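Here the structure is laid out as structure tokens; the discussion comes afterwards.
Since every read-out is calculated from the coordinates, none of them should be taken as a lab result. Keep in mind the model is a prediction, meaning the values are calculated, not measured. Quick reminder, even Gly has a Cβ in these numbers, built from the backbone with ideal geometry, and neighbours come from all protein chains shown.
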Amino acid sequence: MASVLSRIQIIMEANTARYNNELRRARENSSTSFGQMGKSATKAAAVVGTALAGMGALSLKTAMSFETSMAEIDKTVDFASSNGLANMRKELQALTTQIPQTFEELAAVTATGGQLGIAEKDLVHFTEVMAKMGVAFDIPAQQAADSMAKIANVFQIPIENIDRLGDAINTLSNNTPATAAQLIDSLQRVGGVAKVFGLSEDATLGLTGALIAMGKPAEVASTAVNSLLTSFSTLDNATKSQLIGFEQLGLNIDDFSKLVATDGKQAIITYLEAINKLEQSKRIGTNALIIGKEFGDDITMLAGSVGVLENNWEMLGETVNTTKD
């Protein structure tokens with residue numbers, strides 16, 4: 001809204017200057033030709049008339065765009081009062097003066113929030129946070145809104161606290177090779193399994209972010225982590241190959257299964273450190289016995305750079321015990 005008004009003001013100021021110039025020329029010519037003065041005045045009036053017509057068209061187009069955007073919000077939000085939609089419009093217009101997003105972009109975020117079931121009272125805050133994330137993460141605000149709301153649902157994060165998750169993503173993207181878009185993508189892919197396993201959203205970010213930082217695409221990193229967590233969660237029904245794998249690691253599978261149930265992060269570190277103690281030639285094979293052939297090399301890479309994972313968790317306030325010096 002502010003940008004539209006600025007454009008209108010610039011148009012009017014430019015054409016007012018042209019109008020004054022035409023009148024000045026008319027006055028200068030008045031001693032020799034009243035007709036010339038009339039022509040100049042007529043030309044000046046035409047300039048202003050054209051400007052006003054253009055402004056009217058611009059204002060009409062803007063108004064129509066606003067109404068279309070608000071209609072989308074009205075479809076997805078069940079307002080408690082009859083003036084709820086009008087009040088929300090005012091709040092969104094106010095936001096355009098604080099965030100480098102157009103009214104239409106902000107309204108699209110609000111509509112997405114309504115579609116995802118976010119309460120009316122939380123929608124403006126949600127819109128503001130998502131718009132800021134979109135700018136910070138270099139992704140469309142509406143995409144940020146859709147992704148973050150779904151992640152919040154998986155990890156049961158209250159909407160009023162969703163900006164804290166954004167801070168965690170921002171921390172890793174600013175301090176590791178993983179981009180915000182990759183981290184969000186991976187968190188969406190692995191969130192369900194990670195939540196059941198018992199990892200927090202921050203611990204999950206640190207885990208997938210470590211593999212991404214080592215050059216793995218978000219999809220590969222997420223699938224490898226899903227396989228790791230699923231394998232650990234089903235050790236009560238361990239396969240023959242998993243029993244052999246744990247024997248090679250020198251870990252008691254029953255004790256490890258209990259550790260998984262009580263401290264998932266510690267179980268992950270314990271496992272990776274055990275893999276790292278094996279001879280280089282045996283690491284991928286042992287991982288394949290426990291996690292599966294498809295991701296044996298990915299988890300072996302993570303074990304070889306377990307410090308990256310530990311640093312990620314430390315940055316996010318996720319503590320864990322290690323055996324490193």
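Apply the a/c threshold of 1.5 to the C-alpha gyration tensor of segment 176-315 and tell me whether it is rounded, prolate or oblate.
In terms of gyration-tensor shape, prolate.
Could you check the spin-label model distance between Lys195 and Lys293? Points 7 Å from the Cα along Cα→Cβ, value in nm.
Those two pseudo-labels are separated by 3.4 nm.
So what are the radius of gyration and Dmax for the Cα set of segment 62-144, in Å?
11.6, 36
Could you compute the net charge surrounding Asn170? Neighbours are other residues with a C-beta less than 11 Å from the C-beta of Asn170; K and R count +1, D and E count -1.
0
Each label point is 7 Å from the Cα along the Cα-to-Cβ direction; what then is the distance between the points at Asp167 and Leu243, in nm?
Those two pseudo-labels are separated by 4.9 nm.
So what's the net charge close to Asn87: Lys and Arg +1, Asp and Glu -1, counting the other residues with Cβ under 13 Å from its Cβ?
0
What list do you get for Ser186, Ser147 if you sort them by fewest beta carbons within 10 Å?
Ordered by Cβ neighbours within 10 Å, fewest first: Ser147, Ser186.
How far is the Cα center of segment 249-325 from the Cα center of segment 162-221, in Å?
So the two Cα centres are separated by 18 Å.
Which value in nm describes the separation of the simple spin-label points at Asn276 and Ala94, placed 7 Å from the Cα toward the beta carbon?
Label at Asn276, label at Ala94, 5.1 nm between them.
Quick one: net charge around Gln156, please, counting Lys, Arg +1 and Asp, Glu -1 for every other residue with C-beta under 10 Å from its C-beta.
Every neighbour counted, the sum reads 0.
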